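We did not get these values from a lab; they are worked out from the coordinates using the rules stated. Values in this document were obtained by computation on a predicted structure and should not be read as measured data. Here the Cβ positions follow ideal geometry from the backbone for every residue, glycine too, while neighbour counts run over all protein chains shown.
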Ligand code: C5P
């Protein structure tokens, strides 16, 4: 099942490192080639000799090993793999990864790689629950790093709780899932999602009721087909999916900047409910309540992110998909919107209150393309996303 795959297995310095020797065997049983990288601390728990014997590979340990650099530099080492697995991933390694450190071979490889990275955290329960570790975990997930475990149970240190490294079969399954060759492998897709918040003054803002559910489902479905997804999200209720790079923004203008910075992309899906207007002037102080006088808010138009990307000359993604939430004449309005904005496809839906779609779990959409309009039956937002992701994969060939 993993035949022909090359996995770079980084051992962090923790007692669970002994389990990773077994992980080498289990991955090899499934046909993968496993190249071990040991940190200095890992060598306190397992020997390079055992890692080398079990993997039947040279073990990499030192960034400044000139022989290694002559044979295979650290950049090449990180790129030659199909997947990088860090097991056990200690609190210290997580902190270094989250902070972008590159002061030994393992951290340098992790910074240099262009492949997916899967970490299996392992540490004492208090270290796992420490706000610093949880902050680092959130940052790593936001960078698109995949995680497996930790499990809950009795630990080597005598305490009980979450922090124990995931069992080897769990890590193998996660590695297999991360290596799945979907039809969108090697493709980059940008997805916008959620509402935007436009400040009125430092304490008040304009918002809308978008939960981010549909955009999140689209990003998850695209990632499941193997795409590298950059997920640009406003302040949404629904948490972002795992395994995608998350860029958090507040305003429409920040969203546009983040989308531009994420390009080039093979496709872009604009599922965000972007505020149409913002305040004409920045208001650095809280607007005071004055007796007998109501404030007058002056608006300016926000940039249309979909239209500006759809109408860009060079660097335009090959496929640009917009959403259209309508309450009447759905097909006609959406078709007109597609033409006006210059996007390739519009996913139109009826958000009249009686449909229960806005904020609900289901959606009934019409896909409008060059070929005409296609009504899809009412289905879960996850199913709409899967179907749309499959169509995108088909269109990108
Ligand atoms: O014009 P309307 O808001 O109905 O268009 C909806 C589509 O346009 C959605 O795909 C939405 O994400 C996108 N949009 C945008 N920037 C805006 C307004 C809408 O990208 N300022």
Simple spin-label model, 7 Å along Cα-to-Cβ: residue 340 to residue 76 in nm? 5.6 nm
So in the chain, what percent of DSSP beta bridges are antiparallel if you round to the nearest 5? 35 percent
Using a Gaussian network for the chain with springs between C-alpha atoms less than 10 Å apart, which of these wobbles most: 154, 262, 219? 154
Rounded tilt (10° steps) of 213-224 against the dominant C-alpha axis of the chain: 40 degrees
According to the square roots a ≥ b ≥ c of the eigenvalues of the Cα gyration tensor, what is the shape class of segment 193-326, taking rounded for a/c under 1.5, prolate for a/b larger than b/c otherwise, and oblate for the remainder? prolate
Can you give the FRET efficiency to the nearest 0.05 for residue 288 and residue 207, using r as the Cβ-Cβ distance and R₀ = 30 Å? 0.85
Under the 0.36 nm per residue contour assumption, what length would be gained going from the current alpha-carbon distance of residue 395 and residue 29 to full extension? 128.1 nm
So, R0 is 35 Å and r is the distance between the beta-carbons of residue 332 and residue 383; what FRET efficiency does that work out to, to 0.05? 0.85
Per its Cα gyration tensor (rounded if a/c is under 1.5, else prolate when a/b beats b/c, else oblate), segment 1-111 is best filed as rounded
Test of understanding: extend the Cα→C-beta vector of residue 181 to 7 Å, then name every residue of segment 74-112 with backbone N under 16 Å from that spot. 81-83
GNM on the chain, C-alpha springs below 10 Å: top fluctuator among 18, 231, 299? 299
Using alpha carbon positions and the Kirkwood radius, the Rg to Rh ratio of the chain is 1.04
Considering Cα pairs under 8 angstrom that are at least six residues apart, work out the relative contact order of segment 104-262 and quote it in whole percent. 21 percent
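Over the chain, what is the mean sequence separation of C-alpha contacts under 8 Å (at least six apart), divided by residue count, expressed as relative contact order in percent?
Answer for the chain is 11 percent.
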Pick from 140, 54, 118 the residue whose mean-square fluctuation is largest in a GNM of the chain, springs joining Cα atoms under 10 Å. 54
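Evaluate the relative contact order of segment 110-177 (contact order divided by residue number), counting alpha-carbon pairs under 8 angstrom at least 6 apart; express in whole percent.
It comes to 37 percent, rounded to a whole number.
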